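Below you'll find the structure, written out as structure tokens, and then a few comments.
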Amino acid sequence: MAKNQHLLPYAARPDFRVGRAEELTGRDRRLYRFLEILPGAASWFSLVGMVLASIYAPFFAAYFIIAFAVFWVLKTAFLSYHLRHNWKRLKHHMTIDWKVMIERFECGHLYQLIILPFYNEPEEVIDASLKALSEVNYDRKSMIIVLAREERAGEASRLVAENMKAKWAATFGGFHVSSHPADIPGEIAGKGSNATWAAEEARKHILDPHGIRYNHTLVSIFDIDTVVYPEYFNCLVWHFMTAPRPLKSSFQPVPIFNNNMWEASALARVVAMSSTFWEMVQQERPERMATFSSHSVSFQALYEVGYWQTNMVSEDSRIYWNLLIANNGEYDVIPLSYPVSMDANVGKTFFGTIKNIYKQHRRWTYGVENFVYVVYHFTKNKTIPRGRRIRIALQQAEGYWSMVTNPIMLIILGWAPIFFGGRVFHETVLSYNLPIVVRDLLIVAMFGLVISSIISLTLIPERPGNKSRFLYVVMALQWVLVPVTMVIFSAIPGLDAQTRLMLGKYMGFWVTPKHRDGPVQILEKV
């Protein structure tokens with residue numbers, strides 16, 4: 001890592017890259033530890049409080065649950081509206097000839113630096129990602145690939161990296177294999193530490209020796225299973241050239257987890273597509289967005305904050321918060337409404353799939369550590385407008401709280417006053433009507449799943465010849481699983497993650513295993 005002189009003033013603070021309370025001292029440590037406890041405590045207080053209210057104040061609990069069910073219906077309608085809107089935008093963006101769109105700009109000076117961190121993923125997964133990059137409708141001689149391996153993965157990963165370099169290096173303007181050392185003090189093993197090492201390697205061995213300017217370089221950090229679409233980089237360049245402040249912006253595509261959709265189980269498909277839908281909804285609300293998984297950003301912006309944090313789990317979204325805070329709030333996420341394809345999370349067995357999905361979503365929901373980081377630095381960086389600090393903090397708090405509590409309240413607590421309310425409550429008309437009213441409201445909310453079902457079928461690649469047409473029917477009906485998946489793969493892993501953070505049982509980075517039984521197919525159209 002280069003010396004700190006290149007960092008933005010706020011990014012040079014010793015606590016800027018804090019990952020855990022134990023890395024601080026004194027009042028700062030106590031504040032950070034309080035913030036680590038807060039999300040889990042709020043979620044547990046809400047859930048336990050509703051049970052206690054059902055026992056000691058069943059009338060209040062019943063009316064609250066009905067009001068909450070009404071709120072859920074309205075929220076479902078709101079999210080469905082945004083989902084449909086982004087689906088239409090995605091369809092439109094996939095029909096645009098982005099190469100023609102950027103011809104009006106002087107953009108021949110731009111380089112594309114693509115970082116592909118990997119651990120022990122199969123060679124065919126890496127090869128498919130590189131093959132897609134080799135087929136983009138873009139000048140491949142201005143593309144630089146950094147295949148970022150982990151030394152701790154051993155000799156097998158080194159051989160895979162060398163095989164890939166031998167096969168693909170001549171296709172691109174540059175191809176570098178970086179090897180992230182194991183056990184660097186202060187780091188946790190994970191994507192963030194690997195990507196940071198790879199970016200600095202690219203700076204020292206490619207950008208600086210060839211005089212490539214940092215503000216002329218766009219970095220795309222892709223999960224190793226990411227398959228790009230032919231117009232991705234042209235779309236990226238257009239948004240970069242038209243952004244109000246391109247060097248203070250990150251660019252977020254829509255991750256569609258459909259590389260292996262025809263091989264995945266119904267459970268894996270629903271969970272994967274639900275994640276895609278959430279990102280599509282967020283693309284219509286850019287003021288609430290943070291970067292997620294695969295995304296792009298200028299090298300200059302990364303360099304000014306010291307790249308990704310190496311001491312925490314959710315580096316993909318943390319880098320956005322690093323950039324926002326270091327730039328005193330003057331930083332954006334720009335939605336591309338253009339897809340990249342990734343793998344649905346599957347295991348070798350059905351129960352292996354359940355285990356993998358749970359662990360992946362526990363890692364994703366451990367992103368609550370970003371709430372802690374953001375609020376802590378909002379108390380320090382008073383240059384960011386107070387109104388924006390308050391709005392972001394409340395949005396983050398509500399998001400992590402509702403993710404954990406709402407599904408459990410809807411599925412379980414709707415019945416709590418019936419079981420715990422006592423004889424007086426049971427003799428009332430309210431007691432009789434409560435489950436009927438909640439049921440009817442949730443049935444209305446379920447109509448949002450019809451929209452989800454229709455849109456999901458348009459995001460599935462063409463059916464392979466060895467798959468039955470009947471699978472389309474299964475894929476349409478599989479959305480009845482959503483109430484179950486919301487609890488098992490959103491609320492419970494989220495509560496698990498928040499509880500671990502609350503108790504100081506910090507998580508490490510869990511690498512999602514990749515399994516494919518067939519070739520990757522991408523969408524021709526939506």
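List of remarks:
- Three semi-axes of the equivalent ellipsoid, the range 1-153, Cα gyration tensor, whole Å, largest first: 45, 31, 19
- Listed peptides 117-127, 269-279 appear in the order 269-279, 117-127 once ranked by packing, highest mean of other Cβ atoms within 10 Å at the front.
- Principal axes of the range 105-350: Cα extent on each, largest first, Å: 48, 40, 40
- Its Cα centre serving as origin, the range 385-500 has a Cβ charge dipole (Lys and Arg +1, Asp and Glu -1) of approximately 440 debye.
- Between helix 386-411 and the chain: long-axis angle, C-alpha atoms, 0 to 90°, nearest 10: 60 degrees
- Computed over the Cα atoms of the range 322-386, pair by distinct pair, the Kirkwood hydrodynamic radius stands at 15.1 angstrom.
- Inter-site label distance for W278 and V484 at 7 Å from Cα along Cβ, in nm: 2.0 nm
- Its alpha carbons give the chain an Rg and a Dmax of 23.7, 81 Å.
- Size of charge dipole - the range 105-350 - debye, nearest 20, with Cβ of Lys, Arg +1 and Asp, Glu -1, no other charges: 260 debye
- Phi-derived couplings, Karplus 6.51 cos²θ - 1.76 cosθ + 1.60 at θ = phi - 60°, listed residue by residue for the range 434-440: 3, x, 5, 5, 4, 4, 5 Hz, with x used for Gly and Pro.
- Taken over the range 117-156, the ratio of Cα radius of gyration to 2.2 N^0.38 Å equals 1.36.
- Extension gain from R152 to K75, taking 0.36 nm per residue of separation minus the Cα-Cα distance: 23.2 nm
- Length gained on full extension, A393 to T95, computed as 0.36 nm times the residue gap minus the Cα-Cα distance: 103.5 nm.
- The range 169-262 has equivalent-ellipsoid semi-axes of 24, 21, 15 Å, by the square roots of 5 times the alpha carbon gyration tensor eigenvalues, sorted largest first.
- Fraction of antiparallel bridges per DSSP, the chain only, in percent to nearest 5: 25 percent
- Summing charges over all other residues whose Cβ lies under 12 Å from the Cβ of I102, with Lys and Arg as +1 and Asp and Glu as -1, gives -3.
- Mean ellipticity per residue at 222 nm, deg cm²/dmol - from DSSP H runs of n ≥ 4 across the chain, formula -39500 (n - 2.57): -17000 deg cm²/dmol
- Computed from the C-alpha gyration tensor, the three semi-axes of the ellipsoid equivalent to the range 266-308 are 28, 14, 7 Å, from longest to shortest.
- Förster radius 22 Å - calculated FRET efficiency between E135 and R463, Cβ distance, rounded to 0.05: 0.50
- In the range 95-186, the ratio of gyration radius to Kirkwood radius, Rg to Rh, stands at 1.07 when only Cα atoms are counted.
- Overall Cα dimensions of the range 244-368 - principal axes, largest extent first, Å: 47, 31, 21
- DSSP assigns beta bridges within the range 105-350; of those with both partners inside it, close to 25 percent run antiparallel.
- Basic side chains Lys and Arg get +1 at the Cβ, acidic Asp and Glu get -1 at the Cβ, and with that the dipole of the chain about its Cα centre reaches some 940 debye.
- Pairs of alpha carbons in the range 209-303 separated by more than 19 Å make up 50% of all such pairs.
- Cut-off under 5 Å, modelled amide H: who pairs with N258 long-range: M342, A344
Read-outs throughout are calculated quantities, based only on the coordinates presented, and are distinct from any laboratory measurement. The structure presented is a predicted model; accordingly, all values stated were derived computationally and were not measured. A quick note on method: Cβ atoms are made from the backbone with ideal geometry, for glycine too, and the neighbour counts reach across all protein chains shown.
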